[in-house]
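As structure tokens, the structure follows; a few thoughts come after it.
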Amino acid sequence: MADIGSLLRETRIRNKIDITTVEEATKIRAKYLRALENEEWILLPGPTYVKTFLRTYAQFLGLDPHLLVEEYSARFEEPEELEVAAFTPKRRLPERPRRMGPPRRGIGIALFVLGFLGFLLVLGLTGGDEPNGGRTRDSTPAQRDRPAAAGERPRNAKQPAPPTKRRRVRLEVIAARPVWVCVVDSSDRERVGGVVLQAGKHEGPFRSRFFRVTVGNGGGDLRIDGRRRDTPDRSKPLGYQVRPSGVTVLGQGKSPTCG
């Protein structure tokens, strides 16, 4: 098989298609298209985006996208570990210096025993002072056996639990600079189908029980339930899972690709 870049470039030239026409049709920036044709993989965001761009470009030119993606994976892709990044790094609290002194465990046990004995003493002194032999007015057998009147709720009846509402989260993606974005909701529907957002553009807001999001770099920020969260500035793509309870980083192979 010929080189991937040569095949793309020769097919485009043979069909007399300008690079700007491909950019408008595929929403892939011209510099990324030229990088694909020249096989300059270092200029692209990462292996995930290379596969997505190859698949989109091949489909536009009428080539077999699966064949090109498999060729790229076999010749150029190397396995690498996904660096886990969080929105805010955790700070390690300084260790408190240990106090040197006599052991206090025995003192605490002694105080607990004295308090328990005092409680038993008070309970024994006040146990016989209740009227009617310690029984309340509602504890007579006649009153306990009296049937409930029509429309009256039994005294010991359990209150029905209120129905629980399924919480939903609202998500919006904001582009601080050009960034590739893929958003999939809880029903596996693509809300943003792997497009490059230009600076100042946004997608959403969307509502779902949870979302899986992939951003190409730190240029795509997330607004979750009205609160904006900045993504880490990095050249590799990173996936997130957004739920009403919070945001977690997706591991390798779990980020959506929208392709």
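Here is how the numbers come out for the structure above:
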read-out: Residue 202 paired with residue 223, simple spin-label distance in nm, labels 7 Å along Cα-to-beta-carbon; value: 0.1 nm
read-out: Cβ-based net charge around residue 38, under 14 Å, with every Lys or Arg adding one and every Asp or Glu removing one; value: -1
read-out: Flagged links, alpha-carbon separation over 26 Å, of 16/201; 16/236; 31/236; value: 16/201; 16/236
read-out: Radius 14 Å from Cβ of residue 70, net charge of other residues (Lys, Arg +1; Asp, Glu -1); value: 0
read-out: Length released on extending from residue 17 to residue 107, taking residue separation times 0.36 nm less the Cα-Cα span; value: 23.6 nm
read-out: Using θ = phi - 60° and Karplus 6.51 cos²θ - 1.76 cosθ + 1.60, couplings along region 29-38 (whole Hz; Gly, Pro as x); value: 4, 4, 5, 6, 5, 5, 5, 5, 5, 8
read-out: Overall form of region 208-259 per C-alpha gyration tensor (a/c, 1.5; a/b vs b/c); value: oblate
read-out: 5 angstrom amide H check on residue 46, placed H, neighbours 5+ away; value: none
read-out: Å² per residue, accessible surface of region 200-259 at 1.4 Å; value: 50 Å²
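The values are calculated or read from the model by the stated rules, or taken from the named source; none is laboratory data. Note that this is a predicted model, so its numbers are computed, not measured. Backbone-built Cβ (ideal geometry, glycine too); neighbour counts: all protein chains shown. Calculation scope for accessible area: heavy atoms of the full protein, side chains included, ligands and nucleic acids excluded. Shrake-Rupley method; radii C 1.70, N 1.55, O 1.52, S 1.80 Å.
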